[in-house]
Amino acid sequence: MKKIVLTGGGTAGHVNPNIALIPFLKEKGYHISYIGSKDGIEKTLIKPLGIDYYEISTGKLRRYLDFKNVTDSFRVIKGVSDATSIIKKIKPNIIFSKGGFVSVPVVIGGYLNKVPIIIHESDISPGLANKLSIPFAKKVCATFPEALQNIPKNKAILTGTPIRQELFKGSKEKGNKICNFKINKPIILVMGGSLGSVKINTILRECLDTLLKDFNIIHLCGKNNLETSISKEGYFQIEYATEELKDLLAISDLVVSRAGSNAICELLALKKPNLLIPLSKNASRGDQILNANSFKKQGFSNVLYEEDLSKDSLIENIYTLSKQQTIYINTMSNSSLNNSINKVIEQIDNLCKS
């Protein structure tokens, strides 16, 4: 039986693409093991799937000066030792890394055991963990065409991002039952990330009287961001959605979202016309702006920069998106990035054969 080790963690974005691959890898006859941290989100998400899970010591990788860099460097070294021993025991045919700080010791441990490694990079500009890992990899799968210029040519493969298949199984009936809208109007889903966005939440609520004339609105406002004083027909607010997200997406005609790579790739796969409001450079390393610009260039999204976000600009951009939604759907339907799972697994199979 072919054996594969998956790794990646720190955030759900470094785990969900691995989860998307798991059923397809099983169909291909792979025995799957996962190497992650002792208390990271990857453990929470992977263990319920019945996958063999191995824990290693980890340390956060920082781009800035901090005393913790000294102590964490020792944790990373121990993580390399842990991963090397685990991989020697498992004897996998291949390692697939989705990135995040936990993946670096696994990639190095795999290299020391002479196991071929494939890395997946979600953003246009590789994160620090993947920058450190790329020299040890045979192939690097990329989500965005622009990312190819940041990866050695002999390693770069444009695949897109593997998408969880459960998102395609949303029920409009369940979505309508959750929201209980009384009037049949186009539905906008507004997502500000798992923690929400104070600015998006505030501006959207200022726009409700105008937008609710023509739309129903689902507002994922983030933890502790419900505004219980607002009770308007056609406005449904919820802190965040897990199991019900697929059903809320199923009934949504338009989506307003941040521009995290996994989130926007899911919108592309579901062919949902979308308005992206990327995190500003002040609040991030600027990767969401690059992601959003790429999707705008490819015709998949409209973009409203956070610095330009206001009541008037949000209303104007939503109505523009609504008028052009058929154009966006047609463009997304013709995207070469829609078959990402098969493309990634093809690379895994090819390296196993070689």
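Below are the figures for this structure:
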quantity	calculated
Residue list for the range 186-220, filter: surrounded by fewer than 20 Cβ atoms within 10 Å (Cβ to Cβ) and hydroxyl-bearing (Ser, Thr, Tyr)	SER194, THR202, THR210
Matching residues, the range 279-299, being of a type outside the set (Gly, Ala, Ser) and either touching a Phe, Trp or Tyr at 6+ places or on another chain (Cβ under 7 Å) or in a helix (DSSP H, G or I) (or both)	ASP287, GLN288, ILE289, LEU290, ASN291, ASN293, PHE295, LYS296, LYS297
First in the range 23-35 and not assigned by TED's automatic domain parsing to the domain that holds ILE46, second anywhere and part of a helix (DSSP H, G or I) and among the small types (Gly, Ala, Ser), Cβ under 9 Å, 6 or more apart	none
The range 315-335 - residue that is within 15 Å of LEU268 (Cα to Cα) and without any contact (Cβ under 8 Å) to a residue 40 or more places away in the chain and, of those, surrounded by the most Cβ atoms within 10 Å (Cβ to Cβ)	THR331
Among residues of the range 45-77, those that are modelled with pLDDT of 90 or more and of a type in the set (D, E, K, R), counted	3
Some residue of the range 121-135 being under 16 Å from the mean Cα position of the chain (by Cα), within 19 Å of ASN350 (Cβ to Cβ) and in the same structural domain as VAL80 (by TED's automatic domain parsing)	yes
Among the residues listed as LYS223, LYS272, LYS246, the single one being basic (Lys, Arg) and either surrounded by fewer than 17 Cβ atoms within 10 Å (Cβ to Cβ) or modelled with pLDDT under 95 (or both)	LYS223
Meets criteria (out of contact with any Gly (no Cβ under 7 Å at 6 or more places or on another chain), more than 30 Å from LYS213 (Cα to Cα), among the polar types (S, T, N, Q) and buried (at least 24 other Cβ atoms within 10 Å of the Cβ)) for THR143	no
Condition met for LYS185 (part of a loop (DSSP other than H, G, I, E, B) and outside the structural domain of ASP349 (by TED's automatic domain parsing))	yes
Test: residue in the range 101-112 that is within 30 Å of PRO145 (Cβ to Cβ), of a type in the set (A, V, I, L, M, F, W, C) and in contact with a Pro (Cβ under 7 Å, 6 or more places away or on another chain)	no
Residue match in the range 27-38 (condition: assigned to a helix (DSSP H, G or I) and at pLDDT 95 or above)	yes
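Let's see how each residue does on (1) assigned to a helix (DSSP H, G or I); (2) within 20 Å of VAL107 (Cα to Cα); (3) not β-branched (Val, Ile, Thr):
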site: PRO126; (1), (2), (3): no, yes, yes
site: PRO135; (1), (2), (3): yes, yes, yes
site: ALA147; (1), (2), (3): yes, no, yes
site: PRO152; (1), (2), (3): no, yes, yes
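The values are calculated or read from the model by the stated rules, or taken from the named source; none is laboratory data. Note that the structure is predicted; figures quoted are calculated from it, not measured. Note: ideal-geometry Cβ built from the backbone for every residue, glycine included; neighbour counts use all protein chains shown.
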